[in-house]
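Here's the structure, in structure tokens; my notes come after.
The values are calculated or read from the model by the stated rules, or taken from the named source; none is laboratory data. Since the model is a prediction, treat every value here as computed from it, not as a measurement. All Cβ positions, glycine included, derive from the backbone under ideal geometry; neighbour counts span all protein chains shown.
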Amino acid sequence: MNTIAENNWLLTALVFTPLAGALLMVLIPEKDERSHKQAALITSLLTLGLAVFLLWDFDYSNAASLQYFVDTQWIEVIGAGYTIGVDGMSLPLIALTALIMPLVFVYSWHHIPEPGNAKAFLILSLILETGMIGTFVAQDLVLFFVFFEVVLLPMFFMIAVWGGANRRYASLKFFLFTLFGSALMLLSFLALYFLTDEGTFNMLVLTENAGAGIARGTQLLIFAGMFIGFGVKVPMFPFHTWLPDAHTEAPTQGSVILAAVLLKLGTYGFIRIAIPMLPEAAEAWAPWIGLLAVIGIIYGALGCLAQTDMKRLIAFSSVAHMGFVMLGIATLTDFGINAAIFGMVAHGLITGMLFFIAGSVKERYHTLEIKRLGGMLVQAPRMGWILGFVSMASLGLPGLAGFWGEFPAILAAYNPAAGVPEGTFRGYMVVAAIGTVLAAGYLLWLLQRTAMGEPSIEFADDPNITDVSPTEWIAWTPLLVGIVLFGVAPGLIFEVTDPAVVQSLDNCIMTGCEGVQTATSAAGGG
Amino acid sequence: MSFLAALSADADIVVAQNVFFAFIAIAMIYAALRVVTTSNVVHAALWLVLVLAGVAAQFILLGSEFVAVTQVLVYIGAVVVLFLFGVMLTRASLGDDESVAKEKRGMAAFVGLLLFAVMATALIDTFEDNRLVVEQPQSVSTVSDAIFSKHIVAFEAVSVLLLAALIGAIVVARKD
Amino acid sequence: MLLNQFLLLSAVLFCIGVYGVLARKNGVLVLMSIELILNAVNINLVAFGALTADVGGEVFALFTIAVAAAEVGIGLAIVLLIYRNRRSIDLSEADLLKG
Amino acid sequence: MPTVFATLAPSSVPTSSTVTQSANWFLENAWLVPLLPALSFVCILFFGKRLRYKGAELGIAAVALSLILAACAGVAWLDHRDNFVLHNTTDAGVEAVAGESYVAVQNSTQWLQSGGIEFSAGILVDGLSVMMLVMVSLVSLLVHVYSTDYVSDDKRYTHFFAFLSLFTAAMLFFVLSDNILQMIVGWELVGVCSFVLIGHWWEQKPNSDAALKAFLTNRVGDVGLLIGVITLFFAAGGGKTFDTIKINEAIVQGGVSHSALVVASLCLMAAVMSKSGQFILHTWLPDAMAGPTPVSALIHAATMVVAGVFMIARLYPVFFEGMQIGGSSINVMATIGAVTLVFGGLLAFVQNDIKKVLAYSTVSQLGYMVMALGVGAWTAAVFHLFTHAFFKANLFLGSGSVAHAVHSFDMKKDMGGLRKFMPKTYVTFIIGSLALAGLFPLAGFWSKDEILAGTGGWGLFGGTGGNGTYTFHLLMGMFGAALTAAYMTRCVYLTFHGTYRGGHGQHHEPHESGPRILVPLYILSGLAIVAGLANLPPGFQLVNNSWTERFGHFIEPVGSSYFPKIAHATPSWSLAVVASVVALFGAVAAFYYYFVKVDRLAKTTQQSLTELPEGLTESNALAGAGHKTLVNKYYLDHIYERGIVAATKGPLARAAYWVNQHMIDNAVNTTGETAVKMGRSMYDLVDQGVIDAFVDGSGRVSDATGEELRQINSGKVQNYAAILFAMAAVLAGAFIIIFAF
């Protein structure tokens, strides 16, 4: 695979700027909350600046190759390297992460959750950012794993310390689930290391090797390990039960980060690691992934219909949306995987936004119980309209970002890669399409009961209930603009991801993964 | 059996070593078991001394005299004394410890045995009958050369760690 | 001598140590069990050092001993603190993490 | 850098021989027509409240400009249709392509790229889309003007105009789409605007319920749309394209498997049924009358609901081949249309709400259009779509004018005798009603007659030809015509005749509406009179031959490679006469009942009556012996009343309504409730029960002593450590096992 090693300081700077900021903040006394907020915001803005420079400087004509590539020794004895690089697949996700974090800090300006301690909260957020960006740039399995786990602890503390009433249970559940998945994932990584001839953790080498020399049965086992490891993070049915709890209990910022970026680590792992490294096993597992994906779509939607809590409903909707992403991935076609990446970004923007709104609703009404809310359009009309707008985006309205994650995924399911059972996937397609109806159902139902109608007597004259505040506007506007922008011009993302995805699937051809081969060559011919 | 084969094939010195090893090992395992089962804290500390001394003896068998000496000095000389101080300061009953009754032995034993089974399988599977030939003890100068050249950074780090631990212990245990 | 006899001995000690850590309720005894584990590791280090005729094994054993000393110091200080606060060093009562 | 933005640069479209890129400026740049209202939406949203007229002026200006552009495009199309000669650039030079007369204009740019395939966005301008452009922007402009008065004191005035603009933009975008992906976008966007505008007064639960119902019903159809579009994408031509023309051409040339087309056409039909209110997915449309009346006129009568019809017309080869319209076999589409038109007409009888009468009437008329497409009468369907837009918008706006005066939509309680108070509205309403009833020479007559002729079932005088002989559908169409005339007569009587029944607790009498309401009514009723002349049947001897069939000539893409070869029915004088007589018969029956009998009874009893009292014998007893004699004298009347009118108005319509309200609505409600129940029970049982229990249980298993129930969460470090060590051991074991492979 080609790599371009110019400007190779950039990614390192991007990854470690938040960490440096966090270290700096350790020195500021805890009392000085304002400085902390400023420091965190400036750090994240710096990171965003670097990300914007990355977007500017990125060679789009070469989106398929890794750019800003760095490859140095890190832990010699086990052959783990500090290998980082970015291509079209990871670029949108890095940009998303860099965008979300400043918004979170802007939102935190007036909304540090109970029990306070802005210093710790903000430092943890910055460490999270390092972990997330690091995961997206890592090109070495050990490095990937380290960053993947760096994310875990801050999130655990965020939920356990700043969470709601049932936070301990939720945080522990989150921790145990994810740790369980990570362990299996690590096992798979080690197996790959030992069983390939090269004995390396370098993802480029492993991708090019694509499972050659490993017995089919072993490949299936290794893939299963990754499947569970990444699947827990996604989260796929039936590993999803940590998600509603974690989301419900987490502070607003935690929910936003969790929904916007953290869930993507799992799907990104599938695209970047599991499928290219073990294409043969991926093909064998694809129908099962697809099955769990569509179960997730329907199950998540039905779960939403049963919820009485707004935040929990949104959390369940994540299960359904990530089902679409996984369905796209399971088709093993360039169409599907492009759709999946788009879906990740769109879900990040939309669900992140929904959680912001839920946080603000909670702050105003001190409850998220749907039947007690109502008439938000009367008391806070702008917020009500934003909720309506984002609901529309979430249910996949064409012209807004959500559609481009859903529709192409359903489209890809009509014609999955050869070697993947076509009839089965057409069945999945129909089920997924029905899922869109249910999505409309629960979102509009939510909208009707929270935003429409007259306000309930309980809150009718509550002076706390105000419309969107300036900080909220600043934090929300970029997300809203992004939802429209990517909805109108989906090419902005597809153009970047497509070459990388096509090449990633092409790589399987060279090592004889026939199924993917025919699919991509057919697509290329069309 | 590879063990027996190894024993019979070796020279006298090796036989002596093996006998010595077996003797010490059995004593150590017994002592260690007593450490984790006895209900008397002071007794436990004393059994621990036996284990630590056995480890020192094993070091000598392996030709690492300097480490053995350090083991005796640091562990038996300092650490165990520290433990005894700890026992006294916390005024834990010098006799039987009532908390023994609350122990969850089943769970712990299960985990311990499971772990041992896995490790033993892996070890026997991997190293089958690799031999150790200890020609002559490592000289102290070799060890010191290695510490102060190749591992100097680690050495410095450990010294800083010790300092930090010292300060930390004082801060934590201070009365106010 | 076989390498495995040392390794197995070390494994036995390690597992006994783990048993102690898990089963014991007395803080001081848990610390002692941790010492067992550390010593098991040391035997491993030295044995491998002897196998490869490398001095690194011994050097690291020495470092471990030093770190263990520090660990015992801090550990006992924490136990003292717990004792002072709760008048007991029974770990089964230290369950602040309970959800 | 940003090569990303290069995507916005135009890319050449490899097109077929009946498509050109270079044409008149107005045709090439027709995308400006939807763009203007879209910009106006954004501007109204952000600055509307600060403007002098609160944003209305922006909307009106944008739509007026759109109308001008659309009209220019229309004129340009007239020229283009007849005079454009396609040139082919070859090595030898530029040469004219012979034999092509119908050349559509396509202009597109790359939109996105995925899997190495480029997807374009663009416009397809041909007769059909130009006609829709003009029609939509015209009706929209009139509705805008009308609304400035109608909703003038609404608290969300600005917001209302913003969404009117957005709707107009979305609808124009939809009709201009050159590919089906873009059509989905427009399709859904108009749906959302409909949702927002139906729920305009969302404070009341019924309104938001209606909005939800509309959106969800449409979503159900959209499942079909998605699947149908995807099937076409992969099946049509094997080229993986969304391009409408390419798909149509591939089908016309016969390169597409029939089974795929069957699937695609059936799926798309589901979408049409929901959007265009076809039986059984029509129930949302009457409920949608909860929205403001201008919205009902624009969205739920003239434009959005015909989106389904437009889609069939646009993708006609898919349906033509998929449903085998060429034969005279009973095909799904024609039958759905026929059932809908009768069913809708019957339902219109029993409504008391004037808007619901019109709503069911819309359902019925949409049924005509779908039936026409189903029997192969493409031009007739599109022509009916065109005329219907004017007279139905006219009727809706007229009903709005009435309701504006009496502050109610209930004909029986609050209307009656309004002819005296609102003479101008009355006249326009009568014109609209007559046009809808299909009486010569108003618009509805011509288009309905063409549809009936198109069924090809009129064999009495030599047959009318066409694509097959659909006698059943002809009969249904005839019956529908009689029904239409009858229910409109009833509606007119209840609203404008008799004596005024409203005004409870009101100080002032109802008064005529202002000019901003009346002028749109005049224009629309004018169009309702003359629109039918656009497509006089061929062989219509009263005018010069060059005046006949102009609409069909300019709109129907006959001879182009993207349209199937369909046969045209020959118009028949006898059919026209018979159909008119049937319609008149319906009108006369209803007229006799209301204007003669009820009116007389009302005068006798000095009451304002809306019906004869329940039960005909009682009514006779009440009317007195003289009246009884009269009734008995006219034996035929008796049959009408007891047989046709009473049966139709009473049991049949009531039964149909009952089915509608109970069976279908219930089914919808039950489905919804079941889904929620399923969700809840699944959540309780599976999610909270099985899966969580499994997780918690696994914690218990690792605890050998099993002292505490929630061991996993005991808070004791040692338990955590135990799990940690055990899991490490298990993992190491797994690792060893993997090695053993």
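Some points to look at:
- Hits in region A:86-131 - residues which are of a type in the set (S, T, Y) and closer than 21 Å to A:F356 by Cβ: A:T97, A:Y107, A:S108, A:S125
- Hits in region A:125-161 - residues which are in contact (Cβ under 8 Å) with a residue 24 or more places away in the chain and β-branched (V, I, T): A:I127, A:T130, A:I133, A:T135, A:V137, A:V142, A:V151, A:I159, A:V161
- Test result for B:A101, assigned to a helix (DSSP H, G or I) and either of a type outside the set (A, V, I, L, M, F, W, C) or modelled with pLDDT of 85 or more (or both): no
- The set of residues in region A:351-369 that are in contact with a Leu (Cβ under 7 Å, 6 or more places away or on another chain) and aliphatic (A, V, I, L, M) comprises A:M353, A:I357, A:A358, A:V361.
- Between D:A235, D:A334, the distinction of being aliphatic (A, V, I, L, M) and more than 22 Å from A:V430 (Cα to Cα) belongs to D:A334 only.
- Every residue from region D:199-208 that is in a helix (DSSP H, G or I) and facing chain A (nearest Cβ under 8 Å): D:G199, D:K205, D:S208
- Selection count where residues are in a helix (DSSP H, G or I) and under 14 Å from D:G199 (Cβ atoms), scope region D:149-178: 4
- Note on region C:28-70: among residues that are of a type in the set (D, E, K, R) and within 7 Å of another protein chain (Cβ to nearest Cβ), the one that is surrounded by the fewest Cβ atoms within 10 Å (Cβ to Cβ) is C:E35.
- A:I295 meets all of the listed conditions (1) among the aliphatic types (A, V, I, L, M); (2) crowded, with 24+ Cβ neighbours inside 10 Å; (3) farther than 14 Å from A:L395 by Cα but one, namely (2).
- Condition check for B:L48: surrounded by 19 or more Cβ atoms within 10 Å (Cβ to Cβ), modelled with pLDDT of 85 or more, farther than 17 Å from C:G17 by Cβ and aliphatic (A, V, I, L, M): no
- Flag for A:T196 being under 18 Å from the mean Cα position of the chain (by Cα), β-branched (V, I, T) and over 15 Å from A:G254 (Cα atoms): no
- The set of residues in region A:106-146 being surrounded by fewer than 24 Cβ atoms within 10 Å (Cβ to Cβ), assigned to a helix (DSSP H, G or I) and among the polar types (S, T, N, Q) consists of A:S108, A:T130.
- Within region A:403-432, restricting attention to residues that are more than 8 Å from chain D (Cβ to nearest Cβ) and among the β-branched types (V, I, T), the residue that is surrounded by the fewest Cβ atoms within 10 Å (Cβ to Cβ) is A:T424.
- Residue-level analysis places B:S93 among those that are at pLDDT below 85, part of a loop (DSSP other than H, G, I, E, B) and among the small types (G, A, S).
- Residue match in region A:446-458 (condition: among the aliphatic types (A, V, I, L, M), more than 23 Å from A:S394 (Cβ to Cβ) and buried (at least 16 other Cβ atoms within 10 Å of the Cβ)): no
- Output for region C:8-27, where each listed residue is assigned to a helix (DSSP H, G or I), facing another protein chain (nearest Cβ under 7 Å) and buried (at least 24 other Cβ atoms within 10 Å of the Cβ): C:L9, C:L13, C:C15, C:I16, C:V18, C:Y19, C:G20, C:V21, C:L22, C:A23
- Only one of the listed residues (C:I65, C:I34, C:I78) is at pLDDT below 90, in a helix (DSSP H, G or I) and farther than 19 Å from C:L8 by Cβ. That residue is C:I78.
- Residues of region A:197-225 classified as within 13 Å of another protein chain (Cβ to nearest Cβ) and closer than 11 Å to A:L278 by Cβ, total: 10
- Residue count for region D:246-288, restricted to those that are in contact (Cβ under 8 Å) with a residue 24 or more places away in the chain and hydroxyl-bearing (S, T, Y): 4.
- D:T303 being hydroxyl-bearing (S, T, Y) and either under 27 Å from D:S401 (Cβ atoms) or under 17 Å from the mean Cα position of the chain (by Cα) (or both): yes
- Residue match in region A:306-317 (condition: in a helix (DSSP H, G or I), closer than 25 Å to D:I230 by Cβ and either in contact with a strand residue (DSSP E or B) (Cβ under 9 Å, 6 or more places away or on another chain) or touching a residue at least 12 places away in the same chain (Cβ under 8 Å) (or both)): yes
- Exclusive hit being at pLDDT below 75 and surrounded by fewer than 20 Cβ atoms within 10 Å (Cβ to Cβ), set D:A64, D:A96: D:A96
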